[in-house]
Amino acid sequence: MILVIGGAFQGKQRFAREISGLEHWADGQSCGKEELDTCDGMIHFHEYIRNRLGEGLDCTGIPERVARNNPHVVLVANELGCGVVPVDAFDRRYREAVGRICTGLAAEAEAVYRVVCGIGVRIK
Amino acid sequence: MFRVITGGSGSGKSAYAEQCVLDLGPAERIYVATMYPYDEECHARIARHRQMRSRKQFSTVECYTGLECLQVPAGSVVLLECMSNLVANEMYQEQGAGEGTVEAVTAGIDSLLGQAGHLVVVTNEIFSDGLPYDEETARYLRYLGEINARMGYLADAVTEVVCGIPLIIKR
């Protein structure tokens, strides 16, 4: 598993394409729940989490599920925990969930990259 | 050499950038200031930065928009601060490039690279707060992100400053 994180608009997607060579990506913004088990790579993974939370699903088991069902997937997610605590309760839950899930995935991943100014730095 | 220095607010990126310029040795030093003095707060910030630079022998030139037209002495060491201001000026000032901001700023950087001996650009890390922004602010983030990534591609070195500590992104 490879995890690519970074701030918004940093060139994460392009970097992930370069290092993985993958051409077909699921889009977390629009894909269904099951695609996480079957896709080769997923962009906007943070939106995937947001959508599942919006459906009322419990997301805590996602890292284990990915490790079990799709251990070679490439996931691309925004880092979004470096601001003020959101006023809205759902936003708070979403922000923390993305942080916790990415932390869990990073523990399982063979490589984690953080992209700044279009450049991926391998942090694991 | 082309260096890009990024970091959050108050991270010490300006002081680090100035030190990078000094480390390049004696040279004609040009400081390209991009912050438009809208109000008292801007004036105070500008005064603080002027004070920081006062003993470092910089000539300051203001450039709020139209970086491509800026002439600097051939072979000089140029410090441009800050890209986040320049992008906002191009997007929102009357004479700015508006929707052509990314192209205008990119051409400006290319122009400076063609003239200066060394170029150091300070930019801003404002992309990781996870907040949903209105369309206009999101566009600003997108433009600045695209310019940062483009500069990162061209740069010989990219450094992220955290608590005054330089982290190497690219060397």
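What to note about this one:
- Among all positions in segment B:104-125, there is no residue which is farther than 18 Å from B:ALA149 by Cβ and charged (D, E, K, R).
- Within the set A:VAL98, A:VAL115, the sole residue that is touching a residue at least 60 places away in the same chain (Cβ under 8 Å), closer than 30 Å to B:VAL162 by Cβ and of a type outside the set (Asp, Glu) turns out to be A:VAL115.
- Per the conditions (1) within 23 Å of B:ARG29 (Cβ to Cβ); (2) out of contact with any Ser or Thr (no Cβ under 8 Å at 6 or more places or on another chain); (3) among the hydrophobic types (A, V, I, L, M, F, W, C), the sole criterion not satisfied by B:LEU131 is (1).
- The residues of segment B:133-154 that are more than 8 Å from chain A (Cβ to nearest Cβ) and either of a type outside the set (Ser, Thr, Tyr) or not in a loop (DSSP other than H, G, I, E, B) (or both), listed by number, are B:ASP134, B:GLU135, B:GLU136, B:THR137, B:ALA138, B:ARG139, B:TYR140, B:TYR143, B:ILE147, B:LEU154.
- Residues being open to solvent by 30 Å² or more (accessible area, probe 1.4 Å) and either touching a residue at least 40 places away in the same chain (Cβ under 8 Å) or within 14 Å of another protein chain (Cβ to nearest Cβ) (or both) - total across segment A:53-65: 3
- Top-ranked residue of segment B:155-171 - restricted to ones that are more than 11 Å from chain A (Cβ to nearest Cβ) and assigned to a loop (DSSP other than H, G, I, E, B), ranked as surrounded by the fewest Cβ atoms within 10 Å (Cβ to Cβ): B:CYS163
- Taken together, A:ARG114, A:ARG50, A:ARG122 contain a single residue that is open to solvent by 40 Å² or more (accessible area, probe 1.4 Å) and farther than 30 Å from B:LEU154 by Cα, which is A:ARG50.
- Among the conditions (1) in contact (Cβ under 8 Å) with a residue 24 or more places away in the chain; (2) buried (at least 19 other Cβ atoms within 10 Å of the Cβ); (3) of a type in the set (Gly, Ala, Ser); (4) away from chain B (no Cβ under 14 Å), the only one that A:ALA8 does not satisfy is (4).
- Picking from residues in segment A:101-113 that are under 12 Å from the mean Cα position of the chain (by Cα) and in a strand (DSSP E or B), the one that is farthest from the other protein chains (Cβ to nearest Cβ) is A:VAL112.
- B:ILE109 crowded, with 22+ Cβ neighbours inside 10 Å, in contact (Cβ under 8 Å) with a residue 40 or more places away in the chain and closer than 15 Å to A:GLY118 by Cα: no
- For segment A:66-86, filtered to residues that are in a loop (DSSP other than H, G, I, E, B) and away from chain B (no Cβ under 14 Å), the residue that is nearest to the chain's Cα centre (by Cα) is A:VAL73.
The values are calculated or read from the model by the stated rules, or taken from the named source; none is laboratory data. Predicted, not measured: the structure shown is a model, and the values here were computed from it. Because the Cβ atoms are built from the backbone with ideal geometry, glycine has one as well, and the counts that use them run over all protein chains shown. For the accessible areas, the whole protein counts, side chains as well, though only heavy atoms, and no ligand, DNA or RNA atoms are used. Shrake-Rupley method; radii C 1.70, N 1.55, O 1.52, S 1.80 Å.
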